[in-house]
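The values are calculated or read from the model by the stated rules, or taken from the named source; none is laboratory data. This structure is a prediction, so every number in the text was calculated from the model and none was measured. All Cβ positions, even for glycine, are placed from backbone atoms using ideal geometry, and neighbour counts span all protein chains on display. Remember, those area values only see protein heavy atoms, side chains included, never the ligands or the DNA or RNA. Shrake-Rupley method; radii C 1.70, N 1.55, O 1.52, S 1.80 Å.
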Amino acid sequence: MVVQQNKPFKVWGKAESGRKVVIHADWLSGSTEVYADTTGDFMAIIPVPKALKGDFTPHRMDVIAGGEKVALTNLLIGDVWLCSGQSNMQFAVKEMKDAEQVIYKADQPHIRLLNVALNFSETPLTNFRGEWQNCSPESVREFSAVGYSFGKKLLDSLQFPIGLVFTGIGASGVQAYIPKEDLANDTMLNRVYLQPYLADPKSKEPIDGGFSFEKVIRPYLLYNAMVHPLINLSVKGFIWYQGEANHLERASYVRATQTMITSWRSDFSQGELPFYYVQIAPFFHDEENPTLAFDAYFREAQEKVADLNNTYMVSTMDVGEAKDLHPKNKRPVGERLAAVALNRVYHKLDVSYQGPVMDDVSFHGKRAYVSFEPETLGNGLQTNDGQPPKFFYVAGSDRIFYPAEALIDGERIVVESDKVTEIASVRYAFFNYPVTNLENKAGFPALPFRTDRWEETLNENR
């Protein structure tokens, strides 16, 4: 495994009540002794040094109680990141674009992988099924493509060991990853998620560990079985790709995700751990109709999650596939998450990680000028295909949107339409399935936006 660097490391388990347990790690000069309590539980906390660039020394830890010894070998000291979410995070390396080439090059024993087995529980568990593996062509095949792409970029840049823990499952809802008491203590979350489940007869039935689409959206069960068992683990932070299961929600999703983040940070007891997440990709939902915008409103809601401190959202608008809910081009997604971490966690300030974010718009009859937050422009605007920027729409006061022509004018976009004589709103990539081409020169896509605050209509959400 990878032991989290530069933090206290917990060693816990079961022994005979009152039994002395001795822990010795080879990076420490002495041993640590603790005693099992009346229930047989013990926990020791030992220091771990800072990881050094280029240091891939394998370490050993012995845990001894009476005549019994457990030896943990081939330990590396580095950073551990927890990867979670639904199918686009679970999406395996073997399914990603250029999979065979990626797998062929994946003999990387300084990355360690841990898949937490699917399980559900009505009450919080302390154990899970899963084992650490060296990253190899064999082990990486079934691992998260986003998680692996993230970890590989970190290893390549930082040159010290990276541990990746995947704990998630396709089709799961955010409510499944939140403790029951945190749902109960929030009026909105209690009403939207918890009470409807508790009122359902299914909540009284025994639950097994097998997958079903219905079970993975039940509140708190995945948290109990797949997050709670990990909370003693020292980690560097979290990456998260989820949302499709909740895509018709708005304020409740923002509240739920922020509650989940706050809850996890509290449970792991390591401060405001970084939490970086992915905006859902373009998808047409079997209807090629650019007036349908329910996913656009959801992406807008996802942006608001980042109002919470030490969080950041990355976009996939340019690497999605409009007719595939599970786009195969996962490497840029993982690498964008890694770029955020490299800049914000590892203080590599020369690493770009932001795409253009709309800042202001000025209207001049049938023309509008869109400007962007200066720090998100990088070295300027461009398109990834050399064509004019796509998917700009404009409306007048009648709120009827028409496709508009757009061109890059220095650090702004000029938008124009002969169909609208007095533009009142500009929208960019603001429907379900636009695969975009507008980006900055660092290759990060512009975030979808709208300049109006008009209410979402039934027409857009049918």
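Residue-level analysis places SER266 outside the set of residues that are surrounded by fewer than 21 Cβ atoms within 10 Å (Cβ to Cβ), in contact with a Phe, Trp or Tyr (Cβ under 9 Å, 6 or more places away or on another chain) and in a helix (DSSP H, G or I). A single entry from SER144, SER136, SER172 fulfils the requirement of being more than 27 Å from HIS228 (Cβ to Cβ) and among the hydroxyl-bearing types (Ser, Thr, Tyr): SER136. Residue count for the range 237-253 under the criterion of being among the hydrophobic types (A, V, I, L, M, F, W, C) and surrounded by 20 or more Cβ atoms within 10 Å (Cβ to Cβ): the result is 4.
For the range 144-165, the count of residues that are in contact with a Pro (Cβ under 6 Å, 6 or more places away or on another chain) and either open to solvent by 10 Å² or more (accessible area, probe 1.4 Å) or not aromatic (Phe, Trp, Tyr) (or both) is zero.
Yes or no: PRO179 out of contact with any Lys or Arg (no Cβ under 9 Å at 6 or more places or on another chain), farther than 28 Å from ALA99 by Cα and free of Cβ contacts under 8 Å to residues at least 12 places away in the same chain? No: the conditions fail for PRO179. Selection of the range 34-80 for residues being assigned to a strand (DSSP E or B), touching a residue at least 60 places away in the same chain (Cβ under 8 Å) and farther than 17 Å from ASN134 by Cβ yields only MET43. Of PRO206, PRO219, all but one fail to be over 25 Å from TRP12 (Cα atoms), out of contact with any strand residue (DSSP E or B) (no Cβ under 8 Å at 6 or more places or on another chain) and open to solvent by 70 Å² or more (accessible area, probe 1.4 Å); the exception is PRO206. For the range 72-105, taking the residues that are open to solvent by 10 Å² or more (accessible area, probe 1.4 Å) and hydroxyl-bearing (Ser, Thr, Tyr), the one that is farthest from the chain's Cα centre (by Cα) is identified as THR73. Of the strands (runs of 3 or more DSSP E) contained entirely in the range 344-462, those carrying at least 1 residues that are closer than 22 Å to THR291 by Cα fall at 358-364, 367-372, 392-395, 401-403, 405-409, 412-416, 425-428, 438-440. Listed conditions (1) open to solvent by 20 Å² or more (accessible area, probe 1.4 Å); (2) part of a helix (DSSP H, G or I) are all met by PHE213, apart from (2).
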